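A quick write-up on the structure given underneath.
The values are calculated or read from the model by the stated rules, or taken from the named source; none is laboratory data. Quick caveat, the model's predicted, so the values are computed rather than measured. Heads up, the Cβs are rebuilt from the backbone with ideal geometry, glycines too, and the neighbour counts pull from every protein chain shown.
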Amino acid sequence: MPSLREVDELVSLGIEREVDRQRRELVLIASENFASRAVLEATGSVLTNKYAEGYPGRRYYAGCENFDYIEKLAINRAKELFSASEVNVQPHSGSQANMAAYFSMVPIGGKIMAMKLDHGGHLTHGSKVNFSGKFYKFCHYGVDPDTETLNYLEIAKMAKSFRPDLIVAGYTAYPREVDFKEFKHIADDVGAKLLVDMSHISGLIAGKVHQSPVEWADVITSTTHKTLRGPRGAMALTKTPFIKSYNSSVFPNIQGGPMGHVIAGKAVAFFEALQPGFSLYAQQIVKNSRILASELLENGFRIVSGGTDTHMILVDVRTLSMTGAEAENVLKSAGIVVNKNSIPFDPNPPVITSGIRIGTAAVTSRGFMESDMRYLSSLIIDALRYKTDVKSINKISNKVSEFARSFKLPGVDD
Ligand code: DSN
């Protein structure tokens, strides 16, 4: 069969350029990672050809025997990995996993409490420009202005006055460990259900370096491509009474045919995360982000909440007289890829912001250890100090490229 390069030179060229970019830049986007070759192979397989609306054993098409086998493998491995009673591996994305969770637990027009977007929530946690903010009444909690961490007493007070049907715990830019048991108490006190969106930290939970929400939450959603290191997609874990309504909320309510090739990739990722080495990987992610945080702190940077317990740190770049957008651009010119991010009580709009979010899951997949993180920290610090000094930024960019190329690119070189 002709290869992609022979069939479509232009797309092939775009992909080759992306391989080169991923190899020579330092990826520090907290929501990104490098899937293994096995995950990429499963995701690029002939399962993409198959329709399988329904669930294993109950399909609307013939010929689903191999799809059933793979979906059941994915479900059973996810159950084992997270000690979950029920699993759905069909959501195409985190947004759809959350949409199905809301539809399965809260009537349209019902009340949901979640974190403010600019304190680390997500668009699906009630933003006005998202379906969630249009279909439901949201009340938003934030972090404490002094500690920049969750204040469970304040969240409990808000829940008592708002009386939500559902409370959401789970964040895109919260660098600290979350107390899910405390959230369960708060939800129980007001008769609310609890949804945990563990998208960012599911790899840390699988690797047992962050407490698990499984005992406490009614439904848990997660993307599969962040710290979990799987294919781009999502999943949900539920307590037994919730699986029937969750499943029907995914199909037929909001999705049609499941993506068998992505489900195969998820099954492989769960298998990889069940291996003993994955826990070491998760431990190293946190060690690496703590080293980065302490190096930045020692060099006078301000870190939101003063540090990190996870794969992520949030840096307040106002102390460098920069906006988040400027810092993102400076670092990108040096080959260091982060994203601008709102920080709590940010005076700047989301397209500008006052912070950057830095994550260590991807570089840890490339094999970064403590000494590598110290060197990486020095490159970040230098780039942010030299800002618009093009000559110095070019020098740093050469160092970044040489350093990055000295590590294997997972999925390509393994
Ligand atoms: N866009 C993801 C992130 O970067 O955190 C969340 O969906």
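Points to keep in mind about this one:
- Identity of the residue in the stretch 87-114, among the small types (Gly, Ala, Ser) and either touching a Gly at 6+ places or on another chain (Cβ under 6 Å) or farther than 26 Å from Met259 by Cβ (or both), that ends up farthest from the ligand (Cβ to nearest atom): Gly109
- Within the stretch 308-343, considering residues that are of a type in the set (Gly, Ala, Ser) and part of a loop (DSSP other than H, G, I, E, B), the one surrounded by the most Cβ atoms within 10 Å (Cβ to Cβ): Ala334
- All of Val129, Val214 fail the test of being within 16 Å of the ligand (Cβ to nearest atom) and either at pLDDT 95 or above or not in a strand (DSSP E or B) (or both), apart from Val129.
- Taking residues in the stretch 231-251 that are of a type in the set (Ser, Thr, Tyr), and partners anywhere that are surrounded by fewer than 22 Cβ atoms within 10 Å (Cβ to Cβ), the pairs with Cβ atoms closer than 6 Å and at least 6 places apart or on different chains are Thr238/Glu86; Thr240/Ser85; Thr240/Glu86; Ser249/Phe103.
- Inclusion of Glu177 among residues that are in a helix (DSSP H, G or I) and surrounded by fewer than 19 Cβ atoms within 10 Å (Cβ to Cβ) is not warranted.
- Exactly one residue out of Val89, Val7 is surrounded by 14 or more Cβ atoms within 10 Å (Cβ to Cβ) and among the β-branched types (Val, Ile, Thr): that is Val89.
- Once the stretch 186-208 is narrowed to residues that are more than 16 Å from the ligand (Cβ to nearest atom) and out of contact with any helix residue (DSSP H, G or I) (no Cβ under 8 Å at 6 or more places or on another chain), the residue that is farthest from Gly277 (Cα to Cα) is Gly191.
- Residue match in the stretch 400-411 (condition: hydroxyl-bearing (Ser, Thr, Tyr) and more than 24 Å from Arg176 (Cβ to Cβ)): yes
- Taken over the stretch 355-382, the criterion of being surrounded by fewer than 24 Cβ atoms within 10 Å (Cβ to Cβ) and of a type in the set (Gly, Ala, Ser) is satisfied by Gly367, Ser371, Ser377, Ser378.
- Being closer than 30 Å to Ala217 by Cα and within 16 Å of the ligand (Cβ to nearest atom) holds for only one residue in Ile75, Ile70, Ile29, and it is Ile29.
- Residues in the stretch 224-244 that are surrounded by fewer than 21 Cβ atoms within 10 Å (Cβ to Cβ) and within 11 Å of Glu86 (Cβ to Cβ): Lys239, Thr240, Pro241, Ile243, Lys244.
- If the condition is being among the aromatic types (Phe, Trp, Tyr) and over 30 Å from Gly277 (Cβ atoms), then the stretch 209-265 contributes Phe242, Tyr246, Phe251.
- Hey, Glu32 closer than 26 Å to Ala236 by Cα, assigned to a loop (DSSP other than H, G, I, E, B) and among the acidic types (Asp, Glu) or not: yes
- Only one of Leu117, Leu166, Leu150 that is within 16 Å of the ligand (Cβ to nearest atom) and either modelled with pLDDT of 95 or more or more than 26 Å from Pro258 (Cβ to Cβ) (or both): Leu117
- Count of the stretch 395-414 residues which are free of Cβ contacts under 8 Å to residues at least 40 places away in the same chain and out of contact with any Leu (no Cβ under 8 Å at 6 or more places or on another chain): 5
- Any chance Ile352 is of a type outside the set (D, E, K, R), surrounded by fewer than 19 Cβ atoms within 10 Å (Cβ to Cβ) and touching a Gly at 6+ places or on another chain (Cβ under 7 Å): yes
- Qualifying residue in the stretch 348-369 (condition: outside any helix (DSSP H, G or I), under 17 Å from Lys116 (Cα atoms), within 16 Å of the ligand (Cβ to nearest atom) and in contact with a Pro (Cβ under 7 Å, 6 or more places away or on another chain)): no
- Residue within the stretch 106-116 that is within 19 Å of Thr221 (Cβ to Cβ), assigned to a helix (DSSP H, G or I) and either touching a residue at least 12 places away in the same chain (Cβ under 8 Å) or over 19 Å from the mean Cα position of the chain (by Cα) (or both) present: no
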